[in-house]
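Participant: Quick one: structure below, then a few questions.
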Amino acid sequence: MALLVLGDSHTIFNFGGVAEAKIYHVPGVTMHRAARDGLASLVPSNCHPEANDILVLSLGEIDSRAQVPKHARLNGRSTLEEADALCDRFTVALSEFRKSCRARVAICCIIPFNPYTLDHQYYADSEAASADAKIIRDRMNERLQGMGIPFIDVRKAFSNPDGTLIPSKSDTTLHLDPRISAPMLAELETAFGRTFTHMDPPWPNAFPRAEVTKAEMRRKARKELERSIKNVCLLLPGAPRLRSALKARWAKEASPARVETNKGDGNQLRR
């Protein structure tokens, strides 16, 4: 029985200290995308959930922090109404996915929030943004917990009374500290009736803990190619002019239509 974890960057930090976890990080993925395109579209080609495996989904943090407030204003409804609408769509997508997924599917909670990472543009002040962030996350977690699959909930171990993330138990941004694995190990044992073990994750950069996907290999290969081209150009006559031309071309390629900015994970993916 394998433990597979699929989702946004919180897969790495929530489960990085669990030795048995095979982590499949899909940068910038949201519940909205999962509901729109289907959960099967998120599964990397090297992830093969089999019968008796456990597949834990980790989604929703980006939605709760950035997308729900934004779309609530665009759609002219409250953030709770927007959160419910999103969860309604996700419930349908989850039901469809479970029909074809051979593994036992579970879902992880949306963890407590860092108030300094919230987008305040839709609120009167930072206090209002924080208050609404807690309301949104509480509602979304309530909905996730009621979806009829195991709900992995470690919020109590990492949350202040006001719903914010305890800084000393974080990566200093918006993730949990993966080295603090005891709460996750206990939740997994309760949910699945088996013992999981601790491992020391890579630190302070925990991202290498995730499995390398083909998409990630292509991204790294392209970056290496770009770096090599830049180095060669510096050796050629007229290098400054060539370098300027290349910069202009790369800037054009990095237009909004071709770049997806992952506001939640702090990464930028070039298409």
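Participant: For residues that are buried (at least 18 other Cβ atoms within 10 Å of the Cβ) and among the polar types (S, T, N, Q), scanning just region 97-150, find the one that is farthest from the chain's Cα centre (by Cα).
Facilitator: If we take residues in region 97-150 being buried (at least 18 other Cβ atoms within 10 Å of the Cβ) and among the polar types (S, T, N, Q), then Ser130 is farthest from the chain's Cα centre (by Cα).
Participant: Something else: In region 193-210, what residues are surrounded by 15 or more Cβ atoms within 10 Å (Cβ to Cβ) and touching a Lys or Arg at 6+ places or on another chain (Cβ under 8 Å)?
Facilitator: Correct list: Pro201 only.
Participant: Follow-up question, since we're still on this one. Restricting to region 16-33, and then to whatever is over 12 Å from the mean Cα position of the chain (by Cα) and open to solvent by less than 30 Å² (accessible area, probe 1.4 Å), can you tell me which residue is farthest from Arg179 (Cα to Cα)?
Facilitator: Checked region 16-33; the qualifying residue farthest from Arg179 (Cα to Cα) is Ala21.
Participant: In region 74-126, what residues are more than 30 Å from Ile23 (Cα to Cα) and charged (D, E, K, R)?
Facilitator: Arg77, Glu81, Asp125
Participant: For residues in region 152-163 being open to solvent by less than 30 Å² (accessible area, probe 1.4 Å) and out of contact with any Lys or Arg (no Cβ under 8 Å at 6 or more places or on another chain), which is nearest to Phe97 (Cα to Cα)?
Facilitator: Ile152
Participant: What is the residue count in region 42-71 for residues that are free of Cβ contacts under 8 Å to residues at least 40 places away in the same chain and either under 15 Å from the mean Cα position of the chain (by Cα) or open to solvent by less than 10 Å² (accessible area, probe 1.4 Å) (or both)?
Facilitator: Within region 42-71, residues that are free of Cβ contacts under 8 Å to residues at least 40 places away in the same chain and either under 15 Å from the mean Cα position of the chain (by Cα) or open to solvent by less than 10 Å² (accessible area, probe 1.4 Å) (or both) number 3.
Participant: Look at Met199 and say whether it is modelled with pLDDT under 70, of a type in the set (A, V, I, L, M) and under 27 Å from His175 (Cβ atoms).
Facilitator: So Met199 fails the test.
Participant: Restricting attention to strands (runs of 3 or more DSSP E) lying wholly within region 18-112, give those where 3 or more residues are of a type in the set (A, V, I, L, M).
Facilitator: Here the list reads 54-58, 104-108.
The values are calculated or read from the model by the stated rules, or taken from the named source; none is laboratory data. Model, not experiment: these values are computed from the prediction. In this analysis, Cβ positions are derived from the backbone assuming ideal geometry, glycine residues included, and neighbour counts consider all displayed protein chains. SASA here: full protein model, heavy atoms, side chains in, ligands and nucleic acids out. Shrake-Rupley method; radii C 1.70, N 1.55, O 1.52, S 1.80 Å.
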